[in-house]
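The values are calculated or read from the model by the stated rules, or taken from the named source; none is laboratory data. Bear in mind that the values here come from a model prediction, so they are computed numbers and not experimental data. Here the Cβ positions follow ideal geometry from the backbone for every residue, glycine too, while neighbour counts run over all protein chains shown. Protein only, heavy atoms only, side chains kept; ligands, DNA and RNA dropped before computing areas. Shrake-Rupley method; radii C 1.70, N 1.55, O 1.52, S 1.80 Å.
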Amino acid sequence: MGLLSHRVERSEVKPGDHIYTWRAAFTYSHHGIYVGGSKVVHFTRKKEAGASGLDSAIAVSSLISQGAAECPTFPDCGFQLPDSGVVLTCLDCFLRDGSLHGFEYGVPPAVFLAKLRGGTCTIAASDSPDTVVRRAMYLLQNGFGNYDVFENNCEDFALYCKTGLLPADEPGIGRSGQASSAIGVPLAALLSTPFKLLAAGPLGMAAVTAGMYCAGRYITDIGVRKDVVKVEVENLSAHLGWRRAKAQEEEELAMKKQPSHAKVNKSLLPLKRKRDYTYCEIMS
């Protein structure tokens, strides 16, 4: 168990384990569920029909499909249904020559806070290996919604398979530890600015920022959050549909409450969730 991550050997991995590998010199990590037989089920962007070689540099699923055709070990490596981001690959293609790490569950708060990076462990307990594998294989056949770097990424997928927990309301920030860390670092620096005035010297300022960062990671962990509920995998589509309908209803209610002169044509507004996907899995 390291302060950065928990490296494991292939011989240690068992079906139902949440595994990940670092990419781009530890810039981000890609997560999946090991289902046995040297196979991994993981989540990426949906398959794009007719993607060219240039598109494959951006479209993750296209890249996996091209690699799967050359996989010398498993003919079904790269299996992915149309309009789904859940894919089955062999362990070698998942790792891409990277090192293998195991995501830890049920860690004590002190261990969680000692980790230097988010997306390596959680306070939440894992369900049984059989349940985890069943969820992963079900989602391989039924999908996991739309991929989103901050709200529904590969780590969110693996966390759901392991725990069955989802936010009860519109998620905002998902369950992903590395998404929380990506937002937590600049947010901690911003929120700790008033306290830095009271800190003596650079070490004091660094300690205040680090404390705010750790506190932010802790309160957003799926094992601590109070807004999560257990959702059976067979009911997942209905749950996600209910959340979308509720969010739309709240948005329409807010628009009705606005004065008539304040209402603006929404088509003229910038896209709410347009982002530059540079943090997690742009090449995973």
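Going by the conditions given, is Ser5 surrounded by 13 or more Cβ atoms within 10 Å (Cβ to Cβ), among the small types (Gly, Ala, Ser) and in a loop (DSSP other than H, G, I, E, B)?
Details: surrounded by 13 or more Cβ atoms within 10 Å (Cβ to Cβ): yes; among the small types (Gly, Ala, Ser): yes; in a loop (DSSP other than H, G, I, E, B): yes.
Against the criterion (surrounded by 13 or more Cβ atoms within 10 Å (Cβ to Cβ), among the small types (Gly, Ala, Ser) and in a loop (DSSP other than H, G, I, E, B)), Ser5 qualifies.
Conditions: (1) open to solvent by less than 10 Å² (accessible area, probe 1.4 Å); (2) farther than 19 Å from Arg217 by Cβ; (3) modelled with pLDDT under 90. Ala168 meets all but one. Number of the miss?
Of (1) open to solvent by less than 10 Å² (accessible area, probe 1.4 Å); (2) farther than 19 Å from Arg217 by Cβ; (3) modelled with pLDDT under 90, only one is false for Ala168: (1).
Sort through Gly119, Gly145, Gly53 and tell me the only one that's part of a loop (DSSP other than H, G, I, E, B), open to solvent by less than 70 Å² (accessible area, probe 1.4 Å), more than 22 Å from Glu234 (Cβ to Cβ) and at pLDDT 85 or above. I'd like the intermediate steps shown before the answer.
Values: Gly145 fails: more than 22 Å from Glu234 (Cβ to Cβ); Gly53 fails: at pLDDT 85 or above.
From the options Gly119, Gly145, Gly53, the qualifying one is Gly119.
Pull up the stretch 81-93, narrow it to residues that are modelled with pLDDT of 95 or more and touching a Leu at 6+ places or on another chain (Cβ under 9 Å), then point me to the one that is nearest to Arg7 (Cα to Cα).
Checking each candidate, the answer is Leu91.
With the requirement that a residue be over 19 Å from Tyr20 (Cα atoms) and not in a loop (DSSP other than H, G, I, E, B), what does the stretch 99-110 give you? I'd like the intermediate steps shown before the answer.
Narrowing the stretch 99-110 to residues over 19 Å from Tyr20 (Cα atoms): 108-110.
Within the stretch 99-110, Pro109, Ala110 qualify.
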